[in-house]
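The values are calculated or read from the model by the stated rules, or taken from the named source; none is laboratory data. Fair warning: this is a prediction, and the values are worked out from it, not measured in the lab. Heads up, the Cβs are rebuilt from the backbone with ideal geometry, glycines too, and the neighbour counts pull from every protein chain shown. Accessible surface areas use protein heavy atoms only, side chains included; no ligands, DNA or RNA. Shrake-Rupley method; radii C 1.70, N 1.55, O 1.52, S 1.80 Å.
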Protein chains: 2
Amino acid sequence: MAKNRSYKLLCPIARALDRIGDRWTLLILRDLHAGPARFTELQRGLTGIAANLLTERLGKLVDDGLIEKGDGGHGAVVYELTDLGQQTSEIIFELAMFGAQFEPEGEVVAPGNLRTVATTLGAAAKRAAKPEMNFRAALKVDGEDISLDVENGQATAIYGSCPDPDLLFRTGYQDLLAVSEGDLAPDQFLREHSELEIITPGKEGEFTDLMSSIIGMINDQ
Amino acid sequence: MAKNRSYKLLCPIARALDRIGDRWTLLILRDLHAGPARFTELQRGLTGIAANLLTERLGKLVDDGLIEKGDGGHGAVVYELTDLGQQTSEIIFELAMFGAQFEPEGEVVAPGNLRTVATTLGAAAKRAAKPEMNFRAALKVDGEDISLDVENGQATAIYGSCPDPDLLFRTGYQDLLAVSEGDLAPDQFLREHSELEIITPGKEGEFTDLMSSIIGMINDQ
DNA sequence: CGGGATCCGTTACGATACTG
DNA sequence: CAGTATCGTAACGGATCCCG
């Protein structure tokens, strides 16, 4: 992996792990599924990854064609997923579904940013959205902006503010986790642990439908 | 992970990786999805994992409730998946789908046994089988037995011989890989790189249907 | 022979410091 | 901001040995 620790096995699973099985690598991809990001932004989301490790992992991901360096404006470098890198979406979503059932144990810490929320929500929405759905939702989770865009049932969630939204939804990260772990009932979450502000009347039904589907999908797995 | 290298992140993906993100762990689970296995059988399938590492990984998987020690008969210990461990099936299948597109590079080596084939085939069949399908297929891949059982569309593949099969299917591991990578056309694979022996007439249609669906699913992803 | 435990050299990781 | 350099520590990999 990092250097020469490939499994060298003639097996598709081993070949996948040779590319994304290193420590931190899947978490880096997780954050990039929420949209292009700068080096420092990634470092913050990974809470304490050493700079040299992040450098090495990014380099290997570029070499393997999963990500590429892009132009973030005024000379800034951003990393973003290639088409090949996008294909890890299903893997990451299944990991999230599997991991959501475990209680956080010991001294855990919230990530330095909420890109993980955008990724998980986006992957879930891709599966749960119905073809007739069309809306743009501006989410604020603990004050951080996430844009959820659904176009004819094609959902995309990006970490960042949403231009021209149909509605605004506020909640907290801890509340989202509680719902996904089954510790908080969906309707109680929607009634007491979040605020919904309607901008385009009529769109709020589609949004709450989608949220309910997502919560149901997570809980009954 | 191994000792205290948990990510300690409040994120479902990190919580999943704390359990199954260690080196070798997903490959161990891969082999166990093909049915219970003994220590030495696992060691062979993983081609060269050090005994101490396998011991440590198995111990952690038992502690985390993903696998358990069972009785393999005449005092033999076998490791097998718990219900929780079974839930990693989707993750492993998505890894296989992602990894199947890469050409093996450099000096790779075939795994010491073909449990990986049973796992990948089983996961694919679970998705591709239609509800009306019912058959038992005895597969021989490079002489190793894999049992594919489909009951009302519920597919299970186990590494081991199939009792009372409806048909017998022989092929080679390299041929299977070539098909899954798109280097060998499905119909050419079925005609020239495999043998089908019919035991219960009429069942061969269901089997080739399923195989075609699986190959199509892998290739157009 | 199966299922490990122990020891040891090598490699990767993690923290801090430093640089363009 | 975006990394590079250094270095102590922890994990890995290979071998050997042990016990039923």
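For the range B:1-147, with every protein chain kept in place, what is the accessible area per residue (1.4 Å probe, Å²)?
Per residue, the range B:1-147 has an accessible area of 39 Å².
Can you give me the C-alpha center-to-center distance between the range A:90-123 and the range B:87-106, rounded to a whole angstrom?
So the two Cα centres are separated by 21 Å.
Given that compact globular proteins tend to follow 2.2 N^0.38 Å, what is the ratio of the alpha-carbon Rg of the range A:1-59 to that value?
1.20
Counting only protein heavy atoms, what percent of the accessible surface of the protein assembly as shown is carbon or sulfur at a 1.4 Å probe?
Answer for the protein assembly as shown is 48 percent, counting heavy atoms of protein chains only.
Spin-label point model (7 Å from Cα, Cβ direction): what's the B:VAL62 to A:ARG38 distance in nm?
Spacing of the two 7 Å Cα→Cβ label points: 5.0 nm.
In bins 5 Å wide, starting from 0, what share of all Cα pairs of chain A does each bin hold, as a percent?
1, 6, 14, 18, 19, 16, 12, 8, 4, 1, 0, 0
Would you work out the charge dipole size for the protein assembly as shown about its Cα centre, treating the Cβ of every Lys and Arg as +1 and the Cβ of every Asp and Glu as -1, and quote it to the nearest 20 debye?
With Lys and Arg at +1 and Asp and Glu at -1, about 1300 debye.
Among B:LYS69/B:LYS130; A:LYS140/A:LYS203; A:LYS130/A:LYS203; A:LYS126/B:LYS8; B:LYS126/B:LYS203, which pairs are too far apart, with a Cα-Cα distance over 22 Å?
With Cα atoms farther than 22 Å apart: B:LYS69/B:LYS130; A:LYS126/B:LYS8.
Gap in Å between the Cα centre of the range A:150-221 and the Cα centre of the range B:14-50?
Between the Cα centre of the range B:14-50 and that of the range A:150-221, the gap is 37 Å.
About its Cα centre, what dipole magnitude does the range B:1-150 give when the only charges are +1 on Lys and Arg Cβ and -1 on Asp and Glu Cβ, stated in debye to the nearest 20?
340 debye
For the protein assembly as shown, what does -39500 (n - 2.57) per DSSP helix run (n ≥ 4), summed and divided by total residues, give at 222 nm, in deg cm²/dmol to the nearest 500?
So the helix-based figure for the protein assembly as shown works out to -12500 deg cm²/dmol.
Give me the accessible area buried between chains A and B, both sides summed, with a 1.4 Å probe, in Å² rounded to the nearest 100.
4900 Å²
For A:LYS130, which inter-copy label distances result when the label point lies 7 Å beyond Cα on the Cα-to-Cβ vector, reported in nm to one decimal and in ascending order?
Going from nearest to farthest copy, the values are 2.7 nm.
Taking the dipole about the Cα centre of the range A:75-221, with the C-beta of Lys and Arg at +1 and of Asp and Glu at -1, give me whichever of A:PRO111, A:GLY75, A:PHE207 is farthest to the positive side.
Of the candidates, A:GLY75 comes out farthest on the positive side.
I need the inter-copy label distances for B:SER161: point set 7 Å along Cα to C-beta, values in nm with one decimal, smallest first.
Output for B:SER161: 7.0 nm, nearest copy listed first.
How many percent of all Cα-Cα pairs in the range A:82-150 sit more than 15 Å apart?
When every Cα pair of the range A:82-150 is considered, 65 percent fall beyond 15 Å.
Give me log10 I(q)/I(0) at q = 0.08, 0.09, 0.14 Å⁻¹ for the protein assembly as shown, Debye formula, one equal scatterer per alpha-carbon, no solvent.
Here the Debye-derived log intensity ratios amount to -0.49, -0.62, -1.36.
Can you compute the charge dipole magnitude of the range A:1-79 about its Cα centre, using +1 on each Lys and Arg Cβ and -1 on each Asp and Glu Cβ, nothing else charged? Give it in debye, rounded to the nearest 20.
300 debye
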